1. Answer yes or no as to whether residue 19 is modelled with pLDDT under 65, among the charged types (D, E, K, R) and under 21 Å from the mean Cα position of the chain (by Cα).
2. Residues being loosely packed, with under 10 Cβ neighbours inside 10 Å and modelled with pLDDT under 85: count how many of those fall in the range 46-83.
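The values are calculated or read from the model by the stated rules, or taken from the named source; none is laboratory data. Bear in mind that the values here come from a model prediction, so they are computed numbers and not experimental data. When we count neighbours, we look across all protein chains shown, and the Cβ atoms used for this are built from the backbone with ideal geometry, even at glycine.
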Amino acid sequence: MLEWGSKKRLRGTNRNAEKAIQMAMLSPSEERIRALCSKAVAADDHHEVEPLVAELRIALHEHIEQIRQRVKFFPVAVLLSRL
């Protein structure tokens, strides 16, 4: 049988697990952006960074457009209620 304090810790653990699962379930475009950022940070000189940054800009633009397409059909009333 669990004590109250144990249950509280379990709830926190569940939230952490949910967060980890969400991080693991990135979209392909988010994975690509994350990988490009990691490569750019690990690069040794600007000759390596420049093409990565160019590719990252394209990936970010594409990702933003994907999000815009999803939001386009989101009910306006819900958006306005959040302002």
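1. yes
2. Number satisfying all stated conditions: 13.
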